[in-house]
Amino acid sequence: MYFLNFRKHLIQINGFAYKNMLITRKRIFHLVEILFWPFISLVSVGLLTRFLKVDPKSIEFVLIGVIAFSVIQIGQLDMAYVILYSIWNKSLKHEMVAPINPFHLVAGSWLMGVFHSSIVFLLMCAVSSQLFHLNFFDSGIARLLLFFAGLVFFSASVGISVCALAFRFGGRAHVGATSIVSILTLLSGIYYPVDVLPLPLSYVAYLIPLTHFLEYFRSFYGFAPKTHHPLLWGFLLTAIYNVIAFSSLCYAVRNARRKGLLARMSE
């Protein structure tokens, strides 16, 4: 019986993973968002550092931030689009009639997000090595995998939050996805260390897991972390935010069903 239930959950999760794959194959602009824009961001920022004659250590600092941000952006977009496309195509109520729950939605879309993020992460590492002489593998495979794991788990927090917003506000939740990543750009030390922020904002920055994951990985390139055990803090905060985000998603789904929002978003 346990095996049958496990197999049933895998099929339900696979349904959302397969849907995400179809979105990528059939929507060319989604493929552009996954493959094109991250590399444009990496190359443009890298060339800017050359133009400004930035020292090599600062170039490493900035490029690590750019690549980390791209991984989170891709992961959360994959999760968000699973719901947003259903809303835009007026098919959400038909999908939610199926015997699935929010966990299947989250797990299936997140797995595809991890797949896409891993491809882009490896390609961006290769490009940064060839063009800007930043070899990510110098830090060691284990450290690189821990860094990547932290990024994709945190991307789940952002993606789940956008899904919760979608069940509450419909297609307008796409603005929420943009707003969240804009806050990350400002506060998480992607382009600059967080200690240059005004004091209240620097405290807020350390409530964001990405800040700790960046400090952890940059420590292998000569940048001392400002906190003890940044990797532990990053995973701890990520776990807390994932629980909060998933609880919010479950509440938003129940609320949408109770108030008839699913039907209105599908008309």
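Inspect all residues belonging to segment 145-167 and state whether any of them is over 20 Å from TYR241 (Cα atoms) and at pLDDT 85 or above. Yes: segment 145-167 contains one or more residues that are over 20 Å from TYR241 (Cα atoms) and at pLDDT 85 or above.
Can you pull out the residues in segment 209-261 that are in contact with a His (Cβ under 8 Å, 6 or more places away or on another chain) and farther than 30 Å from PRO56 by Cβ? Listed by number, the list holds a single entry, LEU237.
When VAL66, VAL43, VAL82 are checked against the criterion of being farther than 22 Å from LEU122 by Cβ, in a helix (DSSP H, G or I) and either in contact with a Ser or Thr (Cβ under 8 Å, 6 or more places away or on another chain) or modelled with pLDDT of 80 or more (or both), VAL82 stands alone in meeting it.
Filtering segment 232-249 to residues that are over 17 Å from the mean Cα position of the chain (by Cα) and farther than 24 Å from ILE100 by Cα leaves LEU232, TRP233. Taking the stated definitions as given, is ALA205 surrounded by fewer than 17 Cβ atoms within 10 Å (Cβ to Cβ), of a type in the set (A, V, I, L, M, F, W, C) and modelled with pLDDT of 85 or more? Against the criterion (surrounded by fewer than 17 Cβ atoms within 10 Å (Cβ to Cβ), of a type in the set (A, V, I, L, M, F, W, C) and modelled with pLDDT of 85 or more), ALA205 does not qualify. Collect the residues in segment 164-184 that are touching a Ser or Thr at 6+ places or on another chain (Cβ under 8 Å) and hydrophobic (A, V, I, L, M, F, W, C), keeping them in residue-number order. Correct list: ALA164, ILE180. Quick one: which residue in VAL43, VAL71 is more than 23 Å from PHE220 (Cβ to Cβ), touching a Leu at 6+ places or on another chain (Cβ under 8 Å) and β-branched (Val, Ile, Thr)? Testing whether each residue is more than 23 Å from PHE220 (Cβ to Cβ), touching a Leu at 6+ places or on another chain (Cβ under 8 Å) and β-branched (Val, Ile, Thr) leaves just VAL43.
In the condition set (1) crowded, with 18+ Cβ neighbours inside 10 Å; (2) touching a residue at least 24 places away in the same chain (Cβ under 8 Å); (3) of a type in the set (D, E, K, R), GLU95 is compliant with all but (2).
Only one of the numbered conditions (1) over 19 Å from GLN76 (Cα atoms); (2) in contact with a helix residue (DSSP H, G or I) (Cβ under 8 Å, 6 or more places away or on another chain); (3) at pLDDT 90 or above is violated by ASP138, and that is (3).
Can you say whether SER109 is in contact with a Gly (Cβ under 6 Å, 6 or more places away or on another chain) and among the hydroxyl-bearing types (Ser, Thr, Tyr), as far as the supplied structure shows? So SER109 does not fit the description; no.
Please indicate, with yes or no, whether at least one residue in segment 59-68 is under 24 Å from ARG257 (Cα atoms), more than 17 Å from the chain's Cα centre (by Cα) and in contact (Cβ under 8 Å) with a residue 12 or more places away in the chain. Scanning segment 59-68, I find no residue that is under 24 Å from ARG257 (Cα atoms), more than 17 Å from the chain's Cα centre (by Cα) and in contact (Cβ under 8 Å) with a residue 12 or more places away in the chain, so the answer is no. ALA17 meets all of the listed conditions (1) over 24 Å from SER182 (Cα atoms); (2) at pLDDT below 75 but one, namely (2). The condition of being touching a Leu at 6+ places or on another chain (Cβ under 7 Å) and in contact (Cβ under 8 Å) with a residue 24 or more places away in the chain holds for only one of ALA164, ALA205, ALA156, that being ALA164. Filtering ALA252, ALA263 for residues that are at pLDDT 85 or above and over 17 Å from the mean Cα position of the chain (by Cα) leaves a single hit, ALA252. Selection over segment 219-267 of residues that are of a type in the set (A, V, I, L, M, F, W, C), part of a loop (DSSP other than H, G, I, E, B), more than 30 Å from SER86 (Cβ to Cβ) and in contact (Cβ under 8 Å) with a residue 60 or more places away in the chain gives a count of 1. For segment 208-240, the set of residues classified as within 26 Å of LEU42 (Cα to Cα) and exposed (fewer than 13 other Cβ atoms within 10 Å of the Cβ) consists of GLY222, ALA224, listed by residue number.
Filtered by the rule that a residue be exposed (fewer than 15 other Cβ atoms within 10 Å of the Cβ) and in contact with a Ser or Thr (Cβ under 9 Å, 6 or more places away or on another chain), segment 98-151 gives ASN135, PHE137.
The values are calculated or read from the model by the stated rules, or taken from the named source; none is laboratory data. Only a predicted model underlies this, so the values are computations on that prediction, with no experimental measurement involved. So basically every Cβ, Gly included, is an ideal-geometry build from the backbone, and we count neighbours across all protein chains shown.
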